[in-house]
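Notes to accompany the following structure.
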């Protein structure tokens, strides 16, 4: 039986160079617009949303994995600049509450995953891994090892990342009284005699840290963060990353995430997208309620607790936390604790959830 050929997506007709140019221009303009509107993490959020549109419209260009890892490395060094001995002591003193917050997030994700297994058309193991609140890449790789559909798991993970980033940016914009004042480590756009060597040292930390952390979940962010924090607190080096470089790093991260939503992937899961979005929003609301309850015990403000307990997007939430002058140390500590907790307990929890909840059909 004859089937008419599907029309070629509009952006697929353009040569790669033209696609890159259009993506660069549109991402920069939309990021600048969001920054003008005082939206937190505008230079990450803008390129991410533009890249989603480009991916769905058939763009064929993709950022290499190494670009994404380097972007994470720069974010790690940026966060390290905000880490002080006072911040570390506060994290150590609050570890019981942090453990409770981590457990609550994992329990909430298990609850949402169980509901998806029972009431949605998503395959059981896929629904469980798709709602796991860990790093998207790590959860996708682990899910494939345990028989889940990696395409759907990856889509569920990145749908949640988009929901978390947009939701956290909106909450930060209207709850944290953010007025668009950048809180990146430095405001200078040019290097001089005083900042050249700190800049070189910061670049070296990123390169070494990304290389060492390439085989660790979220290692491209965490290893540079740990190295830079240790060297800075010891007084051996100063850190310096100019604004223009951070804007590029944000844009790279945003475009990498956004381009994951290509037309083929969206077509595969289009019927399940509403369920994915609703489940992500439910999980975000539950984590927000836990943040409201735990903020007094963490001795921090609600928005810092909200970012710390939000389910996923370690690098993006770090960007938002720094941008609005939230407690970046607490956010990174809780996000990292949950990441490793999910990696360690994920296979066991997935098996138990599938055993307790009957799959549809």
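No value in this document is a laboratory result; all are computed from the given coordinates. What you see is a predicted model; the values in this text were computed from it and never measured. Glycine gets a Cβ as well: all are built from the backbone with ideal geometry, and neighbour counts include every protein chain shown.
Overview of values
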read-out	value
Under 14 Å from the residue 88 label point (7 Å along Cα→beta-carbon), backbone N, the stretch 207-246	225-237
Additional length obtainable on full extension of the chain from residue 99 to residue 67, 0.36 nm per residue less Cα span	8.2 nm
Relative packing of peptides 262-272, 244-254 - highest average C-beta neighbours within 10 Å first	244-254, 262-272
FRET E, pair residue 115, residue 146, Förster distance 35 Å, beta-carbon r, rounded to 0.05	0.95
The stretch 9-80 shape via C-alpha gyration tensor axes, a/c threshold 1.5	oblate
Two-site FRET efficiency, residue 267 against residue 24, from Cβ-Cβ distance with R₀ of 30 Å, rounded to 0.05	0.70
Protection proxy ranking, peptides 307-319, 336-348, average beta carbon neighbours within 10 Å, highest first	307-319, 336-348
FRET E, pair residue 14, residue 233, Förster distance 41 Å, beta-carbon r, rounded to 0.05	0.25
Contour excess over end-to-end distance, with Cα ends at residue 345 and residue 197 and 0.36 nm allotted per residue	49.0 nm
Mean Cβ count within 10 Å, highest first, over the residues of peptides 291-301, 14-24, 120-130	120-130, 291-301, 14-24
Anisotropy class of the stretch 243-290 from Cα gyration tensor, a/c 1.5 cut	oblate
Estimated 222 nm signal from helices in the chain, with DSSP H stretches of n ≥ 4 weighted -39500 (n - 2.57), rounded to 500	-24000 deg cm²/dmol
Potential lengthening between residue 325 and residue 278 on full extension [0.36 nm per residue; Cα-Cα distance subtracted]	14.0 nm
